[in-house]
1. Please give the net charge around Ser238, taking every other residue with its beta carbon less than 12 angstrom from that of Ser238, where Lys and Arg add +1 and Asp and Glu add -1.
2. Rg to Rh ratio, the range 156-301, alpha-carbon atoms and Kirkwood radius?
3. Along Cα→Cβ, 7 Å out, is where each label goes; now give me the distance between the ones at His275 and Ile137 in nm to one decimal.
4. Between the range 169-217 and the range 262-289, what is the C-alpha centre distance in whole Å?
Amino acid sequence: MTPPDPSFTPADRDRITRIAGWISTLANIVLTLAKGIIGILAGSEALFADGIHSAADTLASVAALSALAVSNRPADADHPYGHGKAEVIASAAVAVVLFLAALNIMYSSGQALMSPGAAPEMAALWTAAGSLVVKEILYRYTVRLGRSLLSPALVALAEDHRSDIWGSWAAIIGIAASVAGRRWGIPLLVYADPLAGLAVGLLIIRMAYRMAVESVHTLMERNVEPALLEEFRRLVASVPDIRRVDRLRARNHGHYILVDVRAAVPADKTIQEGHDIIRQVKAAIMTRHPEVREVLVHLNPYYENERREDIVR
C-alpha cells in the first residue's frame with residue numbers, strides 16, 4: 001500500500017473525496033443519458049451497452065458517496081476500530097451491480113446477433129469517442145485521489161472509469177467496423193456492433209470479479225502484502241530492547257491499517273520501561289506509515305539462553 005499524502009488532514013480527505021464522488025456521479029448521469037438515448041436512436045447495441053455500464057457506474061458513485069460519509073466517522077463505543085470498512089462494503093456492492101449489468105449487456109447483444117444485421121448511425125461513433133475522452137479524464141483524476149487518500153471506494157470508482165474506457169474503445173471499434181461494413185457492402189462487418197457489446201460485457205465481468213475478490217480479502221482481514229509486513233517487522237526490530245519479534249499481523253480496514261505485534265523484551269524490565277518500549281514501537285511504525293491507524297503491542301519476557309519451547313507466545 002502506498003503511504004497517503006501527509007498534507008491531507010482528515011477534514012481535507014472528507015471534503016476532497018466528496019467532491020470527487022459528486023463529479024463522478026454527475027458525469028456518469030450525463031454519459032448514461034447520452035449513450036442510452038443516442039444508442040437507441042442510432043441503433044447501436046455497443047453504445048447502448050456502454051450506456052448501461054455508465055448507469056452502473058452512477059450507482060457505484062452513489063454507493064461510494066454514502067460509504068465515504070460513514071467511513072470518515074470517528075471510532076465510537078460500538079465501532080472501536082472505526083468505520084473504514086464501509087468503503088469496502090461499497091466496493092463489494094459495486095462489483096455485484098457491475099456483474100448484473102454485464103449479464104444484461106451480454107443478453108441484449110446476443111439477441112442482436114440473432115437478428116438481421118443493421119449498422120448504427122455515425123452519431124453513435126461520435127458519442128462513444130466523446131465518452132472515451134471524458135472517462136479518461138475522470139479515471140486519471142479519481143485514481144490519483146484514491147491512491148493519495150488510501151480510499152478503496154475512490155479506487156473502485158477509478159476502476160469503473162477504466163473499465164468504461166475499455167468499453168468505449170470496444171464500442172468505437174465495433175461501431176466503426178459496422179458502419180464501414182454498411183458503406184463497403186460487407187455484411188459480416190455489420191455484426192461488429194453487437195459483438196462489441198459482448199466484449200464490453202466481458203470486460204465489465206472481469207472488472208467486477210477483481211473488485212469482488214479484493215473486497216472479500218479485506219472483509220476477511222487478510223494480511224497486508226508481504227513486503228509491507230516485512231517493513232513493519234524491520235521497524236519493530238529496530239527499537240532498542242526488542243530482542244525478538246514473535247508475531248506480527250496487519251490488516252486493511254478500509255483506508256487505514258491496523259497492526260498487531262508480539263515482541264520479546266528482557267524479562268527484568270519494569271512495567272514503566274515496558275510501557276515506554278511499546279510507545280517506541282508504535283512511533284516507529286506510525287511515523288513512517290501514516291496510513292497505520294493503530295498498533296497493538298503485546299510484550300513477552302525474554303530470557304538469555306532460553307530454549308525455543310520455553311518461549312511464551
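Any read-out appearing in this document is the output of simple, stated calculations on the displayed coordinates, not a laboratory observation. The structure displayed is predicted, hence computed values, not measured ones. Because the Cβ atoms are built from the backbone with ideal geometry, glycine has one as well, and the counts that use them run over all protein chains shown.
1. Values: positive: Arg233, Arg234, Arg288; negative: Glu231, Asp241.
Summing Lys/Arg as +1 and Asp/Glu as -1 gives +1.
2. Numbers: Rg = 26.4 Å, Rh = 19.2 Å.
In the range 156-301, Rg relative to Rh is 1.37.
3. About 5.7 nm separates the two model spin labels.
4. A separation of 56 Å, based on Cα centres.
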